[in-house]
Amino acid sequence: EIVGKRALEIMPYDIYQVHLLTQHQAILDRQPHKIETRMRFADGHEETVESVHTPLFDDNGVYSGILSVSRDVSARVEAECNLRQTQEELQKAVLEANHANESKSAFLARMSHEIRTPMNAILGMTSIAKRKMHDNHFQVDEIKAHIEQIENSSKHLLGLISDILDISKIEAGKIELSDDFFRLDSLVSDVASIIRPRCIEKNIMFEIRQDDLDNYAFRSDALRLRQVLINLLGNAVKFTGFAGTVTL
């Protein structure tokens, strides 16, 4: 059906122009040029066609014509598309895996830092309590207060460890906030019991000012708020010189 017809008679004008430009460039370069186009066949279906246009020259090097050969490469193109898609999916999976590992590493690094604070408080209060118990004139109330401070630090430490054991939070790269009722004065007292032993070690005066608070009952994530205060105060103690003052 197409034998003897001109190219423009068997293909759309825009496709014909692409082939024509390619042929002209092949003639100018005196070497074959290859292109891929979408072609619609007589029955209406489309395929990806690869065409190679080869310029022909006589013995004297004079241009005499052009030989164009086309073949259906739809299967190859589809395979290449599938391969590219697979590569993109693999790259995405690698990026997600790297992100998950970075989140996990950052989470564990932060937690290992935060665990040391209550752990130091527990060890410090235990050491103080032991020294006072060896004193024949120790007061039971003092020992009781130290034990309460150890208990508060232990509860905070337990909360941190619970987060570490919750792998889903690590992989998600975040910690979900809880919604609890708590008393701010009690929370401040818990924080103070963890920070005060570190202040004692450096002979730092630790002051708490909360007389001008209008409210004491709040609703939030008490553990996270406690962590924030402990981290801020921990840094304050770390960078305050000997016999200095830290105020909350």
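The values are calculated or read from the model by the stated rules, or taken from the named source; none is laboratory data. Model, not experiment: these values are computed from the prediction. All Cβ positions, even for glycine, are placed from backbone atoms using ideal geometry, and neighbour counts span all protein chains on display. Ligands, DNA and RNA are stripped out before the accessible areas are found, and what is left, the full protein with its side chains, is counted by its heavy atoms. Shrake-Rupley method; radii C 1.70, N 1.55, O 1.52, S 1.80 Å.
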Cβ pairs under 8 Å, 6+ apart or interchain, first in the range 205-228 and within 25 Å of residue 176 (Cβ to Cβ) and open to solvent by 40 Å² or more (accessible area, probe 1.4 Å), second basic (Lys, Arg) and not in a helix (DSSP H, G or I), ordered by first then second residue, are 217/183; 218/183
Of the residues in the range 44-63 that are touching a residue at least 12 places away in the same chain (Cβ under 8 Å) and among the polar types (S, T, N, Q), the one that is farthest from residue 11 (Cα to Cα) is 54
Flagged pairs (Cβ under 9 angstrom, 6 or more apart or on separate chains; first in the range 16-42, closer than 26 Å to residue 78 by Cα; second hydrophobic (A, V, I, L, M, F, W, C) and exposed (fewer than 12 other Cβ atoms within 10 Å of the Cβ)) are 32/67; 42/2
Within the range 77-110, residues of a type in the set (A, V, I, L, M) and loosely packed, with under 15 Cβ neighbours inside 10 Å come out as 79, 83, 90, 93, 94, 95, 97, 100, 106, 108, 109
Considering residues that are of a type in the set (S, T, N, Q) and assigned to a loop (DSSP other than H, G, I, E, B), the number found within the range 12-33 is 1
Of 151, 142, the only residue that is more than 24 Å from residue 216 (Cβ to Cβ) and either at pLDDT 70 or above or over 33 Å from the mean Cα position of the chain (by Cα) (or both) is 142
Exactly one of 84, 76, 71 is of a type in the set (D, E, K, R) and part of a strand (DSSP E or B), and that residue is 71
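Taking residue 49, is it in a strand (DSSP E or B), among the aliphatic types (A, V, I, L, M) and either in contact with a Ser or Thr (Cβ under 6 Å, 6 or more places away or on another chain) or surrounded by 15 or more Cβ atoms within 10 Å (Cβ to Cβ) (or both)?
Judged against the criteria, residue 49 is a match.
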Inside the range 194-248, the number of residues satisfying the requirement of being modelled with pLDDT under 90, among the polar types (S, T, N, Q) and farther than 26 Å from residue 126 by Cβ is 2
Just one listed residue, out of 1, 36, 9, is part of a strand (DSSP E or B), among the acidic types (Asp, Glu) and either modelled with pLDDT under 95 or out of contact with any strand residue (DSSP E or B) (no Cβ under 6 Å at 6 or more places or on another chain) (or both), and it is 36
